[in-house]
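One structure is given below, encoded as structure tokens.
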Amino acid sequence: MTHSNLFSALRAAFPADLSSIAVETDEGLLYSWQDLDRATAMMANLLQSLDLPEGSRVAVQVEKSVEAMMLYLATLRAGYVFLPLNTAYQSAEIEYFIGNAEPAVVVCSPANFGWVSKIAFKAGTQHVFTLGDDRTGSLLERAAHHSDQHKPVPCQADDLAAILYTSGTTGRSKGAMLTHGNMLSNAVTLKDYWGWTATGGPTGQGDVLIHALPIFHVHGLFVAIHGALINGSKMIWMAKFEPKRAIAHMSRATVFMGVPTLYVRMLAEPTLNKEAVKNMRLFIAGSAPLLIETFTEWQQRTGHTILERYGMSETAMLTSNPYAADKRYAKQSERRGGTVGFPLPGVSLRVRGDDGQDMPLGEIGGIQVKGPNVFKGYWRMPEKTAEEFTADGFFKTGDVGKVDERGYVTIVGRSKDLIISGGYNVYPAEIEGYINEMPGVTESAVIGVPHPDFGEVGVAVVIAKPGANLKPEAILADLKAKLANFKIPKRCFVVAELPRNTMGKVQKNLLREQYKNLF
Ligand code: MLC
Ligand code: AMP
């Protein structure tokens, strides 16, 4: 069935006037809906001309650009599986992802072609293209030779559309397999739930989204892009978030999506005031906890109440504060700071205790979810997949929370040892693994501590081997040479011992307490 292809659903929502503007970039470039249609057709034809096996992965590590978004859409259109990779990942990280996913096609930045292609060819990838953020590279050169007409490849709702790698608390990263059906159901739900409109507003053309996030994770790639496209809404495209510019765009936009750090940074700008946001309809935050101070300050400065929602790579969006009082979804219209709102229509959410019992309202336990948006499993890890689901098909999120008597969900913590820094996930186990391999190190613990800009940042606490002269700066420099920059702890301490419980396990809660006022 053609209409189960997510691209077909997005394409069907393009406005009738294809010559109108779909994307306007920070640099002033304009892309019409027709441009999106034609360019994705050419790229899809290029991919199909390669005679790739069914279900082939297209792994992409490129700087944010409209063409990079088109490549995502073209991959859907051609029926292949998109695998986005954070541009901060370095060679060891890329080597793992490419080795694990075995993509048939890899697309990288022109400047990285040397080392990325070496890794890719070694892993058996046949095709490596380049794509720059200035419309350069072999991908566009090759696509230019293909037709701008293309019929989307028929897909079943259960067919894979994307694989998103999420790091594991133990062992290596797992690839969360998301289907066309997962993402389409989520996009359709959110279009309604967040009240997207195709007409009216300051320009008469309905909603206009400021796209300020990176496009290699759920928030920027799926929630933002699908949200705009399935409503036929224009995007103002920021290659990189910059608070002053984002605020300046607001006079011509209606919707903004961001991780809490973006809101913190905009609040530091004197230009943020009621006048600057007078045309805005909705501010959405997620990917990390939004501090109540940020929520309240935003309300005072702008008169707008941020709508906080909660999701994951494995599930796309799960819960959301209400946009408006709508009897179909929720009796309440209040967006409550510190909560992530209600389970979205179609999502079942429950809170379970350690023994698997349902927790009474208001009591804390592990959050479990089920719904058409929940992923198909981890790529080539059936045992890991089985471990993360209950016998009755609920996914164990690893988040800890509660539901109050009005139905609002609050996240109070995580059972997974994970730091969320500026909206990026950092797994202490991965960083500790690298530190523990360094000469002169006996053991290490990486913990998350509060940070005014990133919400939370990593701090490394290291024990040296007797006689070793370990320098914190050298440890951090060594990590920086190997890992994505956002994973590098912001501080490092070499200490004599780590606090342990009677079982000998490091008590990270005590370390977090000890270092909580560092920033
Ligand atoms: C950058 N740095 C970070 C960092 N981002 N450190 C910790 N955490 C981060 N998130 C590093 C830089 O490399 C630099 O190190 C130093 O910190 C200062 O960087 P900066 O110039 O201030 O950073 P900037 O480039 O402005 O990036 C900050 C940011 C970015 C907030 C704009 O991190 C960002 O775009 N975050 C959004 C992440 C996101 O989209 N998450 C969604 C996940 S989806 P040095 O050493 O080089 O100086 C998901 C599901 C869901 O979670 O529910 O949505
Ligand atoms: P990721 O796997 O990168 O998609 O990150 C998902 C994790 O981000 C979730 O499991 C939560 O721990 C966290 N998260 C997402 N949204 C929120 C939110 N609004 N409040 C608190 N945590 C959130």
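The values are calculated or read from the model by the stated rules, or taken from the named source; none is laboratory data. These numbers were taken from a predicted model, which means no experiment stands behind them. Using ideal geometry, Cβ is built from the backbone for each residue, glycine included, and neighbour counts are taken over all protein chains shown. SASA here: full protein model, heavy atoms, side chains in, ligands and nucleic acids out. Shrake-Rupley method; radii C 1.70, N 1.55, O 1.52, S 1.80 Å.
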(message) Just to be sure I understand, how many residues within region 213-258 are within 16 Å of LEU272 (Cα to Cα), not in a strand (DSSP E or B) and not polar (S, T, N, Q)?
(response) 12
(request) Select from region 262-295 the residues that are in a loop (DSSP other than H, G, I, E, B) and of a type in the set (Lys, Arg) and write down the one among them that is surrounded by the most Cβ atoms within 10 Å (Cβ to Cβ). (result) ARG281
(request) Considering only residues that are more than 25 Å from ALA468 (Cα to Cα) and among the aliphatic types (A, V, I, L, M), look in region 483-519 and name the one that is modelled with the lowest pLDDT. (result) MET503
(request) Would you mind stating whether VAL409 is closer than 28 Å to TYR263 by Cβ and open to solvent by less than 10 Å² (accessible area, probe 1.4 Å)? (result) yes
(request) Output the number of residues of region 349-370 satisfying the condition of being surrounded by 13 or more Cβ atoms within 10 Å (Cβ to Cβ) and more than 19 Å from the chain's Cα centre (by Cα). (result) 12
(request) Please enumerate the residues belonging to region 1-30 that are part of a strand (DSSP E or B) and open to solvent by 40 Å² or more (accessible area, probe 1.4 Å). (result) ILE21, LEU30
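Just give me the residues in region 371-380 being part of a loop (DSSP other than H, G, I, E, B) and either of a type in the set (Val, Ile, Thr) or open to solvent by less than 80 Å² (accessible area, probe 1.4 Å) (or both), in sequence order.
GLY371, PRO372, ASN373, VAL374, PHE375, TRP379, listed by residue number.
Find the strands (runs of 3 or more DSSP E) located wholly in region 45-138 whose residues include 1 or more that are touching a Phe, Trp or Tyr at 6+ places or on another chain (Cβ under 6 Å) and either within 16 Å of ligand 1 (Cβ to nearest atom) or open to solvent by 10 Å² or more (accessible area, probe 1.4 Å) (or both), and list them.
Qualifying strands (runs of 3 or more DSSP E): 81-84, 127-130.
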(message) Please go through region 471-504 and give me each residue that is farther than 18 Å from TYR515 by Cβ, of a type outside the set (S, T, N, Q) and either free of Cβ contacts under 8 Å to residues at least 40 places away in the same chain or open to solvent by 40 Å² or more (accessible area, probe 1.4 Å) (or both), ordered by number.
(response) LYS471, ALA474, ALA477, ASP478, LYS480, ALA481, LYS482, MET503, GLY504
(request) Kindly indicate whether any position in region 483-499 is in contact with a Leu (Cβ under 8 Å, 6 or more places away or on another chain) and either assigned by TED's automatic domain parsing to the domain that holds ALA212 or within 16 Å of ligand 2 (Cβ to nearest atom) (or both). (result) yes
(message) For region 384-410: of the residues being within 18 Å of the chain's Cα centre (by Cα) and not hydroxyl-bearing (Ser, Thr, Tyr), which is nearest to ligand 1 (Cβ to nearest atom)?
(response) ASP399
(message) Would you confirm whether or not region 329-340 contains a residue that is surrounded by 14 or more Cβ atoms within 10 Å (Cβ to Cβ) and of a type in the set (S, T, N, Q)?
(response) yes
(request) Out of ASN373, ASN321, report the one residue that is in contact with a Phe, Trp or Tyr (Cβ under 8 Å, 6 or more places away or on another chain), within 16 Å of ligand 1 (Cβ to nearest atom), at pLDDT 95 or above and farther than 27 Å from GLY458 by Cβ. (result) ASN321
(request) Quick one: which helices (runs of 4 or more DSSP H) lie wholly within region 409-519 and hold at least 1 residues that are in contact with a Phe, Trp or Tyr (Cβ under 8 Å, 6 or more places away or on another chain)? (result) 472-482
(message) Can you tell me how many residues within region 221-257 are small (Gly, Ala, Ser) and in contact (Cβ under 8 Å) with a residue 60 or more places away in the chain?
(response) 2
(message) Tell me whether region 204-212 contains one or more residues that are within 14 Å of ligand 1 (Cβ to nearest atom), in a loop (DSSP other than H, G, I, E, B), closer than 23 Å to LYS64 by Cβ and at pLDDT 95 or above.
(response) yes
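Within region 314-332, is there a residue that is small (Gly, Ala, Ser), within 11 Å of ligand 2 (Cβ to nearest atom) and either on the phi > 0 side of the Ramachandran plot or without any contact (Cβ under 8 Å) to a residue 40 or more places away in the chain (or both)?
yes
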(request) Filter region 296-312 down to residues that are buried (at least 21 other Cβ atoms within 10 Å of the Cβ) and not in a strand (DSSP E or B) and give me whichever is farthest from ligand 2 (Cβ to nearest atom). (result) THR302
(message) Any residue that is among the hydrophobic types (A, V, I, L, M, F, W, C) and out of contact with any Ser or Thr (no Cβ under 9 Å at 6 or more places or on another chain) - is there at least one of those in region 106-119?
(response) no
(message) Here is a check on your reading of the model: is THR199 touching a residue at least 40 places away in the same chain (Cβ under 8 Å) and not assigned by TED's automatic domain parsing to the domain that holds GLY423?
(response) no
